There are 2 protein chains.
Amino acid sequence: MRADAQVLKGHLDTLLLASLENGPRHGYAVREALRAGGARFDLPTGTIYPALRRLEAAGLVTGTWAEADGRRRRSYELTAAGQRRLAGDRAAWRDFAAAVTAILDPAP
Amino acid sequence: MRADAQVLKGHLDTLLLASLENGPRHGYAVREALRAGGARFDLPTGTIYPALRRLEAAGLVTGTWAEADGRRRRSYELTAAGQRRLAGDRAAWRDFAAAVTAILDPAP
DNA sequence: GCCAGTAAGTAGTAATGCTACGTATCCGGA
DNA sequence: TCCGGATACGTAGCATTACTACTTACTGGC
């Protein structure tokens, strides 16, 4: 999926939180996870790193520095607030998607 | 649906084009159409009117003034370009929705 | 030595929906 | 008769946020 236009607006945070749901990941790994899988969101690093920092500032994730092969990584983990947010976002997404689909493909 | 945050970003144009698909409508009617129906997008007029003008400037719709009951209305109609755009947006939405859902509700 | 891959970031920009107004007409109720 | 609500259109300014383009740094293969 091309990161075409700003269709992602408001949904990026949800995607990031979801990628952190099954345990901590560092930014690059989150990016790879979104790039692979059925989704194929090819997001530039200039999108993903600031977004993770934003989530951290909002208290939804916590980041910790780690060293591996002389390479520093910042590993992010969901906080309790992040998990609650993700649950809410998930429900909101379902509503939103259903609403848009209702307008785009109206039931006869 | 509350117009909460900017979840709508990048999708508003698509919704507007879709509401104009079954014949011309004026701004207020488009707003009512989105407010009713299964969707319930409650959009402020400060969102809808500028957006319609933007679509007009982009050549996706054409607007014409009309008079009814001493009330002036600007009726918008899809152009050929608008119809093409709507078709593309519709496909893009399906892809996008499927991609987000794949991340949020991963198949086991 | 150089390039690709891994890893993290920043500065600045552009797009765009929202808030808060302002204008005007028509109609029903107090 | 006056007022509020519905109808109808709009603008100015703001805030959010993803993207572009760039920088830094280490490792391994050609």
Hits in region A:16-58 - residues which are of a type outside the set (S, T, Y) and within 9 Å of DNA strand D (Cβ to nearest atom): A:L16, A:F41, A:D42, A:L43, A:P44, A:G46, A:I48, A:P50, A:A51, A:R54, A:A58
Residue within region A:76-85 that is modelled with pLDDT under 95, open to solvent by 70 Å² or more (accessible area, probe 1.4 Å) and more than 10 Å from DNA strand D (Cβ to nearest atom) present: no
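Yes/no matrix, rows are residues, columns are (1) within 11 Å of chain B (Cβ to nearest Cβ); (2) among the charged types (D, E, K, R):
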{"position": "A:A18", "(1), (2)": "yes, no"}
{"position": "A:G63", "(1), (2)": "no, no"}
{"position": "A:R74", "(1), (2)": "no, yes"}
{"position": "A:E77", "(1), (2)": "no, yes"}
{"position": "A:A91", "(1), (2)": "yes, no"}
Within region B:27-44, considering residues that are of a type outside the set (A, V, I, L, M) and assigned to a loop (DSSP other than H, G, I, E, B), the one farthest from the other protein chains (Cβ to nearest Cβ): B:P44
Residue match in region A:37-55 (condition: among the charged types (D, E, K, R) and touching a Phe, Trp or Tyr at 6+ places or on another chain (Cβ under 9 Å)): no
Residue identified as open to solvent by 40 Å² or more (accessible area, probe 1.4 Å), touching a helix residue (DSSP H, G or I) at 6+ places or on another chain (Cβ under 9 Å) and under 19 Å from A:L8 (Cβ atoms) among B:D105, B:D89, B:D95: B:D105
Exclusive hit being among the acidic types (D, E), more than 14 Å from the chain's Cα centre (by Cα) and at negative phi, set A:E67, A:E56, A:E77: A:E67
Unmet criterion (only one of (1) more than 14 Å from chain B (Cβ to nearest Cβ); (2) open to solvent by 20 Å² or more (accessible area, probe 1.4 Å)) for A:L52: (2)
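The values are calculated or read from the model by the stated rules, or taken from the named source; none is laboratory data. Computed from a prediction, not measured in an experiment: that's the story for all the values here. Cβ: placed from backbone, ideal geometry, glycine included. Neighbour counts: every protein chain shown. The protein model used for the area step is the full one, side chains on, heavy atoms only, and it has no ligands, DNA or RNA in it. Shrake-Rupley method; radii C 1.70, N 1.55, O 1.52, S 1.80 Å.
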